[in-house]
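Chemist: Mind having a look at this structure? Questions to follow.
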Amino acid sequence: MSKIVRTVSELLMAFVFTFGLYMIMHGHVTPGGGFQGGAVFASGMTLLVVAFGAEKVEKRLRASTLSVLESTGALAFIGLALGGVAVGFFYNFLVGSSVFGHIPAFGPNRGDMWTGGTIPLMNMAVGLKVIAGLSLIVFVMALAVGKGRSEQ
Amino acid sequence: MTQCISNIPFLAVAALIGTGLSIIVFNRNLIKLVMGITVLEAGVNLFLVGLGYRQDGGVPIYTNACHTNMVLPVPQALTLTSIVIGVAITAFMLSMIMVIYRHTGHIDAKRSRTLKG
Amino acid sequence: MRCFAANISLAIVIVFLAVSALLVHPFGDPPAQMDEYIIKHTQRETGANNAVTAVVFDYRGLDTLGEATILFTAVTGVVMLFRTRKGQTTR
């Protein structure tokens with residue numbers, strides 16, 4: 001891509017990534033969550049791939065690393081779900097404990113980050129999974145297109 | 001009659017689903033088929049969101065909420081599920097089309113005999 | 001002939017959709033016992049302010065597990081379609 005696109009995407013990249021991570025971290029108090037934040041982060045990755053080309057990005061971040069990250073996210077999600085299996089699958093066993101354990105009173109409030117039990121942790125696991133999965137799809141398809149073009 | 005006027009969003013859902021179905025039925029181009037499936041998906045998502053709307057309801061989030069009259073959270077959660085599945089399936093379909101194009105040289109569903117059976 | 005049959009069946013489906021759109025509950029007034037329960041109890045039971053996230057990750061966690069499985073399968077399928085001879089992905 002041209003120099004203008006590369007410069008603008010370099011500037012925008014930091015904001016897009018920060019916004020995606022913010023959506024993942026604050027998923028239990030504000031609109032957002034693991035899937036949405038992961039999609040925003042992966043769209044930033046797509047911007048990188050479009051601007052700089054898949055081969056150049058792939059030198060910094062290998063596709064196999066992304067695959068490992070995705071499996072890690074999935075395993076963390078299932079592990080968190082199995083944590084409350086004494087009561088039931090997906091039981092929220094961290095509510096009231098010392099980790100993310102505050103319980104807000106009923107009604108509108110200002111938003112306390114230290115609430116939600118397993119929900120923020122599951123947001124992070126699913127966010128990692130979605131980031132890695134969607135970025136991997138974009139990477140692999142872009143690499144395949146580039147390879148097909150160079151063969152012709 | 002009031003029922004007719006108040007149900008216009010559901011009529012829009014019917015229009016979207018009809019459009020998507022007609023695209024799927026009358027096109028042989030595989031890329032256009034994927035577009036039709038995406039339009040159909042948009043119709044289903046609109047149906048789910050419209051199903052959970054409540055008059056003058058706010059977002060179902062208590063942080064800095066104005067009142068506790070909220071729209072229904074369960075259809076919104078199911079819409080989230082549906083959107084993510086749609087993205088994954090669309091990516092898979094598009095990569096299948098890339099492979100088909102590389103093997104046969106065209107993306108016409110009628111002409112590719114290898115797709116049958 | 002085949003195109004004619006497709007036209008007829010498509011028209012039937014669209015008419016069915018339009019009629020059933022008029023037969024759903026009135027827009028803006030859904031039946032909501034389950035959602036009322038979730039809106040009332042989400043803060044006490046899960047501690048989360050965001051009711052949608054509470055539904056996704058707590059009340060209906062199994063749905064999310066299936067969704068994650070579908071995402072994983074789609075990613076695996078895409079990577080598998082574009083692998084090369086050596087078994088290494090995309091290289």
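The values are calculated or read from the model by the stated rules, or taken from the named source; none is laboratory data. Since we're looking at a predicted model, the values are computed, not measured. When we count neighbours, we look across all protein chains shown, and the Cβ atoms used for this are built from the backbone with ideal geometry, even at glycine.
This table checks each residue for (1) surrounded by 20 or more Cβ atoms within 10 Å (Cβ to Cβ); (2) at pLDDT 90 or above; (3) over 28 Å from B:A77 (Cβ atoms).
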site: C:I12; (1), (2), (3): no, yes, yes
site: C:L22; (1), (2), (3): no, no, no
site: C:D29; (1), (2), (3): no, no, no
site: C:E45; (1), (2), (3): no, no, no
site: C:A54; (1), (2), (3): yes, yes, no
site: C:T73; (1), (2), (3): no, yes, no
site: C:R85; (1), (2), (3): no, no, yes
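For every residue, the table says whether it meets (1) in contact (Cβ under 8 Å) with a residue 12 or more places away in the chain; (2) surrounded by 19 or more Cβ atoms within 10 Å (Cβ to Cβ); (3) not polar (S, T, N, Q).
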residue	(1), (2), (3)
B:V25	no, no, yes
B:R28	yes, no, yes
B:V59	yes, no, yes
B:G86	yes, no, yes
B:A91	no, yes, yes
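Chemist: If only one of C:A51, C:A5 is at the interface with another protein chain (Cβ under 7 Å from one of its Cβ atoms) and among the small types (G, A, S), which one is it?
Modeler: C:A51
Chemist: Which count do you get for residues in region A:79-126 that are in contact with a helix residue (DSSP H, G or I) (Cβ under 7 Å, 6 or more places away or on another chain) and of a type in the set (A, V, I, L, M)?
Modeler: Final tally of qualifying residues: 10.
Chemist: How about region B:23-48: which of its residues are within 11 Å of another protein chain (Cβ to nearest Cβ) and more than 21 Å from C:L22 (Cα to Cα)?
Modeler: B:I23, B:I24, B:V25, B:F26
Chemist: Counting residues that are touching a Leu at 6+ places or on another chain (Cβ under 7 Å), hydroxyl-bearing (S, T, Y) and surrounded by 14 or more Cβ atoms within 10 Å (Cβ to Cβ), which helices (runs of 4 or more DSSP H) fully inside region A:27-128 reach at least 2?
Modeler: A:63-83
Chemist: Could you check, for region B:4-27, whether at least one of its residues is in contact with a Leu (Cβ under 8 Å, 6 or more places away or on another chain), under 16 Å from C:F27 (Cβ atoms) and aromatic (F, W, Y)?
Modeler: yes
Chemist: Within region C:1-10, take every residue that is in a helix (DSSP H, G or I) and modelled with pLDDT under 85 and give me the one that is nearest to B:G18 (Cα to Cα).
Modeler: Result: C:C3.
Chemist: Identify the single condition in (1) within 11 Å of chain C (Cβ to nearest Cβ); (2) in contact (Cβ under 8 Å) with a residue 24 or more places away in the chain; (3) closer than 23 Å to A:M23 by Cα that A:A63 does not satisfy, given that it satisfies every other one.
Modeler: Checking A:A63 against (1) within 11 Å of chain C (Cβ to nearest Cβ); (2) in contact (Cβ under 8 Å) with a residue 24 or more places away in the chain; (3) closer than 23 Å to A:M23 by Cα, the one that fails is (3).
Chemist: Got at least one residue in region B:28-38 being modelled with pLDDT of 90 or more, among the hydroxyl-bearing types (S, T, Y) and closer than 30 Å to B:D108 by Cα?
Modeler: yes
Chemist: Another question, if that's okay. Please go through region B:45-84 and pick out each residue that is outside any loop (DSSP other than H, G, I, E, B) and among the β-branched types (V, I, T).
Modeler: B:V49, B:I61, B:T63, B:V74, B:T79, B:T81, B:I83, B:V84
Chemist: Continuing with this model, one more query. So C:A54 ticks every box in (1) under 24 Å from A:A63 (Cα atoms); (2) under 19 Å from the mean Cα position of the chain (by Cα) but one. Which box is left unticked?
Modeler: (1) is the only condition that C:A54 fails.
Chemist: Within region B:51-86, count every residue that is more than 10 Å from chain A (Cβ to nearest Cβ) and over 24 Å from C:L62 (Cα atoms).
Modeler: 7
Chemist: Quick one: is B:A91 within 11 Å of chain C (Cβ to nearest Cβ) and under 29 Å from C:A6 (Cβ atoms)?
Modeler: In short, yes.
Chemist: Now for a different question. Go through A:V40, A:V29, A:V16 for me and flag whichever is in contact (Cβ under 8 Å) with a residue 24 or more places away in the chain, of a type in the set (V, I, T), closer than 30 Å to C:V52 by Cα and in contact with a Ser or Thr (Cβ under 6 Å, 6 or more places away or on another chain).
Modeler: A:V29
Chemist: Exactly one of these conditions fails for B:I107: (1) surrounded by fewer than 17 Cβ atoms within 10 Å (Cβ to Cβ); (2) at pLDDT below 90; (3) of a type outside the set (S, T, Y). Give me its number.
Modeler: Condition not satisfied by B:I107: (1).
Chemist: Tally up the residues in region A:64-93 that are under 16 Å from the mean Cα position of the chain (by Cα) and of a type in the set (G, A, S), please.
Modeler: 5
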